[in-house]
Amino acid sequence: MKRTIVTFVVVAIATALVFAIITGGGRPKGEVDASTQATSTGNPTANPTGTTADAPVTAAPPAVAPTTEAAPSSPAPAAQPATTPAVKPQGLRAIAPASGGGSMIVGGPLTSPEALLQLELSPRGAGIARVVFAQQWTTARARVAAERAREGKGEFPSDDERYRLEPIDTLFGQSVPLLAVHSLVVDGAAVNLFAAEDGQPIWAAAGDGAFETVLHDEAGTPIVKARRAFSVSGHEVQVTQSVESLDGKEHRVRWLYYGPGDLTLESGSLMDIRRFMIGALLSEKRDPGQSIVLSNDTSMVRSSVVSQLESGQWDLWPTATSTADQRTLSWFGTTNRYFALAIHAGVDAGKGIPSLRAAPAVERIQAQFGDAAGKDRPIFTVVTSGEQVVAAGAAASLQLGVYAGPLERRVLLDEQPMSRLGMIGMIVYEMGGCCTFCTFSWLANGLVVFLGLLHDWVVFDWGLAIIALTILVRLALHPLTRSSQISIARFSKQMASLKPELDALQKRFAGDKARMQQEQMRLYREKGMNPMGCLGGLAPMVLQMPIWMALYAVLYIAFELRQQPAFFGIFQAISPDWAFLGDLSSPDRFIALPVSVNLYLFTLESINLVPLLMGVVFWLQQKYSAPPTAALTPEQEQQQKIMKVMMPIMFPIMLYNAPSGLTLYIMTSTFIGFLESKRIRAQIETMDLLKSGKGGGKGLFGGAFARALEQAQAKAQAKQPRSGRR
């Protein structure tokens, strides 16, 4: 009975781990306990709405509050982007000059083979209405159609099917363009540059990809002119912000603009793995050369930021920890499953290389909730720049670099400025939730590189690369698999030969359970048996679990496998509209259903063939992998019944909507294991298991476990009262 319980627990734990990864529940890595999170210098310590951490925070942080030049110079996010800031701006008002015209589209054209993205600009805050990708699509079907169009075999899909980054919700009833300017602080006075209350325009086009506005005093005299210009090179967007003195006086200015906030949660995602990413330089004491940018212990999963905001903590940078460690901000970004939007200081004009320090473009980052209610409330960020001195009659410019692109290793490792800035740290092969540690991100990093080598140099297909990986893993585990199955067969036969003696011991010591266990252990030692030998057969499966979990993370997160078909797209060649195995990062979608059905554990949107075949292969393996020749004890029969039910049913259910690449791996591995078991059983039938059982097949771990069990029983026996040992 004990062995039955142990087997059940092991399989249940394995199933629960898979389910935990899929659901992504629990407290994620990097989540901060709001009750102990320290506030940054200058941030208000109280929630202005008076809400508690248990109640949803629906209002934004306090309004901009600097009043004099001597006051702290790091304003907080404004209460609302569309109204004049709470602090009276000493009569300054931004008025759009006469429009100079110019295109509101930067980059592209989208049909060009060289184009990577296109910006659609907005005069609201001189921001980006949307980033449209030229080479990325929302579905695998659209990607295939686009490839055929480039070959002259059809038309491009609609631009609506191109992947894009754009605002996902509103803040105080207003849509906020990406990286829109909130305000300009001039000599301690915050001037609204987002949208005027009276509906008058603030920004005017001033050439292709550029906007201008002029700040006037109460008498209508121009004081300063602000300009913002956008340009695109690859996945890098360069934003040039400048302030020019028009009144012959020196001014001190700093920009407030909306930084990267929540990105779109992609349709079909099984979990929310969005993150707020921070790249930081170590202190000069730890890194004198100031050349290493780290992000592994400064970034946060989205749920952590939600908890922080609910407790009234607005600051994302700097934090008490970053200040204590003397770290310097290098870049800040947000990611979803496959894409990222990140800001940095741009190119160092003097050196002509990307600056590793985000300042002066980014000095402080704060976050706030958007309008939507519920657990998926959108998060907006507001960035405060460093202070600049604008000389009388002169201009001061501020460069801001923006990465808008995929979380693709090749791009982030090889292209500038992403490579120098260490933005490869934005790729995190972790599923989040309570099982973050068991997704084995270190193993996932190795797997994605190895899979890439198999794809690029050996098989040239991702589906075949996964199968090749499966074969290599099974070959590596074959000695252990063979040893385990021989151990099971030997133990089964030994137990059958000892059954009369075990029955006699149970009758003799029916009233003394401890003595009976001691006598059983003595009998096992005399016969050279390992009492835990029956669990040896689980070792190959347990050793493969880390690979399954890491591969799940790779197939779910790795951009390289996004929308990649299996087997050279043979099913799409048969019919372009057939989605079967057209995207290894999503379910195989053998037959699409006309309606979706919520089955609690998952939503049934299609008949997925590979998980069903996986269940069949599991059943075949369980049916034909029983230990040969030897009679089974009742406990062993119960173990096999549990395995025959749990493996063929539970795993296909848990993995039904998992990436088809993962189910392809598990199904292939199980099928190879089935063939391997048949061959090993044929070899076992030629062995004299009782004669070759010298040492009982304990091995290092089995022998250690048996010795530990004996010691535990001896201690328990010693603690019993004398009357209990008579």
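The values are calculated or read from the model by the stated rules, or taken from the named source; none is laboratory data. Note that the structure is a prediction, hence the values are computed from the model and not measured. So basically every Cβ, Gly included, is an ideal-geometry build from the backbone, and we count neighbours across all protein chains shown.
Overview of results
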| read-out | value |
| --- | --- |
| The listed residue being in contact with a helix residue (DSSP H, G or I) (Cβ under 8 Å, 6 or more places away or on another chain), of a type outside the set (S, T, N, Q) and over 22 Å from Glu560 (Cα atoms), out of Ala465, Ala489 | Ala489 |
| Residue list for the range 594-611, restricted to those being among the hydrophobic types (A, V, I, L, M, F, W, C) and either in contact with a helix residue (DSSP H, G or I) (Cβ under 7 Å, 6 or more places away or on another chain) or modelled with pLDDT under 90 (or both) | Val595, Val597, Leu599, Leu601, Phe602, Leu604, Val610 |
| Set Ala396, Ala320, Ala349: member being in the same structural domain as Asn192 (by TED's automatic domain parsing), small (Gly, Ala, Ser) and modelled with pLDDT of 90 or more | Ala396 |
| Members of the range 440-461 found to be in contact (Cβ under 8 Å) with a residue 60 or more places away in the chain and either under 19 Å from Phe671 (Cβ atoms) or among the hydroxyl-bearing types (Ser, Thr, Tyr) (or both), listed by number | Ser441, Asp461 |
| Selection from the range 295-309 of residues that are under 29 Å from Thr138 (Cα atoms) and part of a helix (DSSP H, G or I) | Arg302, Ser303, Ser304, Val305, Val306 |
| Residue selected from the range 468-508 under the condition surrounded by 15 or more Cβ atoms within 10 Å (Cβ to Cβ) and β-branched (Val, Ile, Thr), by the criterion nearest to Met687 (Cα to Cα) | Ile486 |
| The range 204-241, subset more than 29 Å from Gln135 (Cβ to Cβ) and small (Gly, Ala, Ser), residue farthest from the chain's Cα centre (by Cα) | Ala219 |
| Test: residue in the range 308-317 that is charged (D, E, K, R) and either modelled with pLDDT of 90 or more or crowded, with 23+ Cβ neighbours inside 10 Å (or both) | yes |
| Of all residues in the range 558-607 being of a type in the set (Ser, Thr, Tyr) and in contact (Cβ under 8 Å) with a residue 40 or more places away in the chain, the one that is surrounded by the most Cβ atoms within 10 Å (Cβ to Cβ) | Ser586 |
| Scan of the range 625-672 for residues that are modelled with pLDDT of 85 or more and among the small types (Gly, Ala, Ser), ordered by number | Ala658, Ser660, Gly661, Ser669 |
| Scan of the range 135-153 for residues that are charged (D, E, K, R) and farther than 19 Å from Ile570 by Cβ, ordered by number | Arg150 |
| Residue count, the range 103-135 (criterion: of a type outside the set (Gly, Ala, Ser), in a loop (DSSP other than H, G, I, E, B) and surrounded by fewer than 20 Cβ atoms within 10 Å (Cβ to Cβ)) | 6 |
| Near pairs, Cβ below 8 angstrom, 6+ apart or cross-chain, from the range 673-691 (under 12 Å from Arg474 (Cβ atoms) and in the same structural domain as Ser483 (by TED's automatic domain parsing)) to any residue that is modelled with pLDDT of 85 or more and among the hydrophobic types (A, V, I, L, M, F, W, C) | Phe674/Val617 |
| Selected residue (criterion: farthest from Asp272 (Cα to Cα)) from residues of the range 352-370 that are at pLDDT below 90 and outside any strand (DSSP E or B) | Gly352 |
| Any pair with Cβ under 9 angstrom, 6 or more apart, that starts in the range 609-633 at a residue that is hydroxyl-bearing (Ser, Thr, Tyr) and ends at one that is modelled with pLDDT of 75 or more and in a loop (DSSP other than H, G, I, E, B) | Thr629/Glu685 |
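Yes or no, residue by residue, for (1) in contact (Cβ under 8 Å) with a residue 24 or more places away in the chain; (2) over 22 Å from Tyr552 (Cα atoms):
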{"position": "Ala465", "(1), (2)": "no, no"}
{"position": "Leu469", "(1), (2)": "yes, no"}
{"position": "Ser484", "(1), (2)": "yes, yes"}
{"position": "Ile488", "(1), (2)": "yes, yes"}
{"position": "Phe491", "(1), (2)": "yes, yes"}
{"position": "Gln494", "(1), (2)": "yes, yes"}
{"position": "Ser497", "(1), (2)": "yes, yes"}
{"position": "Asp503", "(1), (2)": "no, yes"}
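Matching residues to (1) in contact with a strand residue (DSSP E or B) (Cβ under 7 Å, 6 or more places away or on another chain); (2) closer than 19 Å to Gly234 by Cβ:
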residue	(1), (2)
Ala145	no, no
Gly152	no, no
Leu165	yes, yes
Val176	yes, no
